[in-house]
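See below for the structure under consideration.
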Amino acid sequence: MTREIPTNASLLSRLEREGVLRTGAVREAMLSTPRELFVWDGYRDEAYVDWPLPLGRTGQTISAPHMVVMMLEELDLRAEMKVLEIGCGSGWNAACIASIVGARGSVVSVELIEELVEFATRNIRRAGLEKIVEIHHGDGSKGWPPFEAEEIYDRVVLTAATSRIPDFPVRQLRREGVLLLPLGDSPAQILTRVVKDRAGYLSTRPVCPCVFVPLVRSEEA
Ligand code: SAH
């Protein structure tokens, strides 16, 4: 018996049935930003299998589709928003965000590993999103630009895990903005949604259990 190779459409139908994929905007983003453009060489057949895949020998992974869908739903993105992603990896999540915020929005994505900066830059260009996504090589744990205290972003998303909410990414979040991050120590964390209200106060809500690689901090901030 041959096992059927899942397609983008069959994967999305399942995620819809399971209630993970909920909105038309996220569905459209997943259709227009095929994961097969972002997987490492040799993994194309597994692009629509719902698990993380290795990014070469970097020790990092492209997230599982259900996790990216869940993050996109929780971010509640709209056109023209300015978004910061910390942990660019393959560039897939940044690309999905870009396809929702559109040409008048922007995505700033920071990545520590140079090889992945190059990989993601190539992938984003291939997806035709280079005018929306700006990739930077560096440590995003201090926000971007590092140590900037201005409220710059409508949304901030960390795709690497940390045991406490980092200071600068929160400062860089605008009022009524949303920060999403995997909170907790390895190996498993809780995807957590943080909202900064009009007065600047934070409220947090756990979303679901998740497994991310750890956020590397070059020094404690
Ligand atoms: N969003 C990615 C998956 C992220 S995996 C995708 O869609 O493919 C997490 C990434 O975070 C890894 O590539 C890792 O190198 C990066 N990372 C870890 N700590 C970081 C830091 N302090 N600054 C920037 N990137 C970091």
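The values are calculated or read from the model by the stated rules, or taken from the named source; none is laboratory data. Computed from a prediction, not measured in an experiment: that's the story for all the values here. A quick note on method: Cβ atoms are made from the backbone with ideal geometry, for glycine too, and the neighbour counts reach across all protein chains shown. The area values use the complete protein model at the heavy-atom level, side chains included, leaving out ligands, DNA and RNA. Shrake-Rupley method; radii C 1.70, N 1.55, O 1.52, S 1.80 Å.
Relative to the first principal axis of the alpha-carbon coordinates of the chain, what is the inclination of helix 114-126, with its axis defined by its Cα atoms, in degrees from 0 to 90 and to the nearest 10? Tilt relative to the chain: about 60 degrees. Scattering from the C-alpha atoms of region 117-186 alone, worked out with Debye: what is log10 I(q)/I(0) at q = 0.20, 0.24, 0.26, 0.28 1/Å? Debye intensities relative to I(0), on a log10 scale: -0.93, -1.11, -1.16, -1.19. Note on the chain: with neighbouring protein chains present and a 1.4 Å probe, carbon and sulfur make up 51 percent of its accessible heavy-atom surface. Computed on the Cα atoms alone, the convex hull of region 1-90 gives a volume of 111 cubic angstrom per residue. Could you give the alpha-carbon Rg of region 49-106 over 2.2 N^0.38 Å, rounded to two decimals? So the Cα radius of gyration is 1.18 times the expected 2.2 N^0.38 Å.
Based on Cα atoms of region 76-221, Rg over Rh with Rh as the Kirkwood radius reads 0.94.
What order, most packed first, do the peptides 86-94, 31-39 have when packing is the mean number of other Cβ atoms within 10 Å of each residue?
Working: 86-94: 27.7, 31-39: 18.8.
The peptides rank, most packed first, as 86-94, 31-39.
Residues whose amide H comes within less than 5 Å of that of E85, counting only those at least five positions distant or on another chain, are V108, S109, V110, V157 (H built at 1.01 Å from N in the peptide plane).
With the other protein chains left in place, how much accessible area per residue, in square angstrom, belongs to the chain at a 1.4 angstrom probe?
Values: 10740 Å² over 221 residues.
I get 49 Å² per residue for the chain.
With charges set only on the Cβ (+1 for Lys and Arg, -1 for Asp and Glu), what does the dipole of region 8-220 come to about its Cα centre, in debye to the nearest 20? Could the numbers behind the result be given before it?
On the way: 25 positive and 30 negative charges, 107 e Å.
I would put it at about 520 debye.
Could you check what % of the DSSP bridge pairs in region 8-220 are antiparallel, to the nearest 5? Mind dumping the intermediate values first?
Details: 16 of 36 bridges.
Taking every DSSP beta bridge with both residues in region 8-220, the antiparallel ones total about 45 percent.
Within the straight-line cut-off of under 15 Å between alpha carbons, the aspartates and glutamates reachable from K196 are E74, D76, E150, E151, D154, D167, E176, sequence neighbours fewer than 8 places apart in one chain being disregarded.
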